Amino acid sequence: MASIELRNIRKSFGAVNVIKGVDLEVRKGEFMVFVGPSGCGKSTLLRLISGLEDITSGEMLFDGKVVNALTPSKRGIAMVFQSYALYPHMTVYENMAFGLKLEKGHSKDEIRQRVEKAADMLQIRQYLDRLPKQLSGGQRQRVAIGRAITRDPKVFLFDEPLSNLDAALRVATRIEIAKLHESMDNVTMIYVTHDQVEAMTLADRICVLRDGLVEQVGTPMELYEKPDSIFVAGFIGSPK
Ligand code: ADP
Ligand code: MG
């Protein structure tokens, strides 16, 4: 069954149509990467899937159920942004526990266990008592990812999570994200990037977006060997 199904999704801001009728199925457990030029609607599409933004028309289904009217917290989704957006006055532990505390119904022990487990996965356990400003950029982004993991989501959405990191950290964190996906059964990831290498190495399938529409969806190999258009070839095949 599809984890996420988008049926003729449209989004306008005032008179401006940004998403123009997107049909897409993301499979359970799949690592789907969105690529496309700046301004083509990648971030908007992620925000629609997360529920942070309302769709103008169309239907969105998770596990076969329509979620159009569900608030972000009811969708079982966690989102990681380019800027880590940690709370500066809270420790790493408090940042990671905050969402769980808001959800209510989790005991202190359970929260501690979930935070420590996520911190171990990302090798940030030794930083739990620090403030964000005492961490490097790469460590902060791990905290942001760890914060998402503690919520135990079925779907992770990443919006260019590595673009603020330097080259070496980008590679290290990319490998960490790939491991994370492998280690969690049936967790679906949708990942936006403008980095060709990230797309080719992380993706089960790549969705190429162009001006608010899906241009082509396929495995990295399919897009590389049989691009439907010069536009796709330009994104996948040619060096940057
Ligand atoms: P991408 O992430 O692919 O670079 P975005 O989804 O951020 O693209 O933006 C797609 C288009 O939608 C852009 O032209 C942008 O200006 C417009 N847009 C995005 N959010 C808003 C908004 N809240 N109000 C008006 N226009 C917006
Ligand atoms: Mg964007």
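The values are calculated or read from the model by the stated rules, or taken from the named source; none is laboratory data. Quantities reported herein were computed from a predicted structural model and do not represent experimental measurements. Neighbour counts are summed over all protein chains in view; Cβ atoms, including those assigned to glycine, are modelled from backbone coordinates with ideal geometry.
Just a few scattered comments:
- Qualifying residues in segment 92-138 (those that are among the hydroxyl-bearing types (Ser, Thr, Tyr) and surrounded by 15 or more Cβ atoms within 10 Å (Cβ to Cβ)) - the one farthest from LEU165 (Cα to Cα): TYR93
- Residues located in segment 93-124, provided they are assigned to a loop (DSSP other than H, G, I, E, B) and either farther than 16 Å from ARG142 by Cβ or in contact (Cβ under 8 Å) with a residue 60 or more places away in the chain (or both): LYS104, GLY105, HIS106, SER107
- GLY212 being under 15 Å from VAL22 (Cβ atoms), out of contact with any helix residue (DSSP H, G or I) (no Cβ under 7 Å at 6 or more places or on another chain), among the small types (Gly, Ala, Ser) and surrounded by 19 or more Cβ atoms within 10 Å (Cβ to Cβ): yes
- Residues being more than 10 Å from ligand 1 (Cβ to nearest atom) and part of a strand (DSSP E or B) - total across segment 1-24: 14
- Yes/no for ARG7 being under 25 Å from ARG174 (Cβ atoms) and out of contact with any Cys (no Cβ under 9 Å at 6 or more places or on another chain): no
Here is a yes/no grid of residues against (1) within 29 Å of LEU223 (Cα to Cα); (2) part of a loop (DSSP other than H, G, I, E, B); (3) within 16 Å of ligand 2 (Cβ to nearest atom):
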residue: VAL26; (1), (2), (3): yes, no, no
residue: PHE34; (1), (2), (3): yes, no, yes
residue: THR44; (1), (2), (3): yes, no, yes
residue: ILE49; (1), (2), (3): yes, no, yes
residue: GLU53; (1), (2), (3): no, yes, yes
residue: GLU59; (1), (2), (3): yes, no, no
residue: LEU70; (1), (2), (3): no, yes, no
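- Residue in segment 16-36 that is in contact (Cβ under 8 Å) with a residue 40 or more places away in the chain, touching a Phe, Trp or Tyr at 6+ places or on another chain (Cβ under 8 Å) and more than 30 Å from ILE124 (Cβ to Cβ) present: yes
Condition check ((1) touching a helix residue (DSSP H, G or I) at 6+ places or on another chain (Cβ under 8 Å); (2) surrounded by fewer than 21 Cβ atoms within 10 Å (Cβ to Cβ)) across all residues:
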residue: ARG140; (1), (2): yes, no
residue: THR150; (1), (2): yes, no
residue: ASN164; (1), (2): yes, yes
residue: ALA167; (1), (2): no, yes
residue: ARG174; (1), (2): yes, yes
residue: ALA178; (1), (2): yes, yes
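- Residue within segment 43-54 that is away from ligand 1 (no atom under 13 Å from the Cβ) and either crowded, with 17+ Cβ neighbours inside 10 Å or in contact (Cβ under 8 Å) with a residue 24 or more places away in the chain (or both) present: yes
- Extreme residue, farthest from ARG125 (Cα to Cα), among residues of segment 152-161 that are surrounded by 23 or more Cβ atoms within 10 Å (Cβ to Cβ) and touching a helix residue (DSSP H, G or I) at 6+ places or on another chain (Cβ under 7 Å): LEU157
- Residue list for segment 211-238, filter: free of Cβ contacts under 8 Å to residues at least 24 places away in the same chain, in a loop (DSSP other than H, G, I, E, B) and either at positive phi or not hydroxyl-bearing (Ser, Thr, Tyr) (or both): LYS226, PRO227, ASP228, GLY237
- Tally, over segment 161-210, of residues that are more than 16 Å from ligand 2 (Cβ to nearest atom) and part of a loop (DSSP other than H, G, I, E, B): 8
- Taking residues in segment 138-162 that are of a type outside the set (A, V, I, L, M) and within 16 Å of ligand 1 (Cβ to nearest atom), and partners anywhere that are at pLDDT 90 or above and assigned to a helix (DSSP H, G or I), the pairs with Cβ atoms closer than 6 Å and at least 6 places apart or on different chains are ASP159/SER43; ASP159/LEU46.
- The lone exception for LEU70 - which of (1) surrounded by fewer than 17 Cβ atoms within 10 Å (Cβ to Cβ); (2) in contact with a Pro (Cβ under 8 Å, 6 or more places away or on another chain); (3) not charged (D, E, K, R) it fails: (2)
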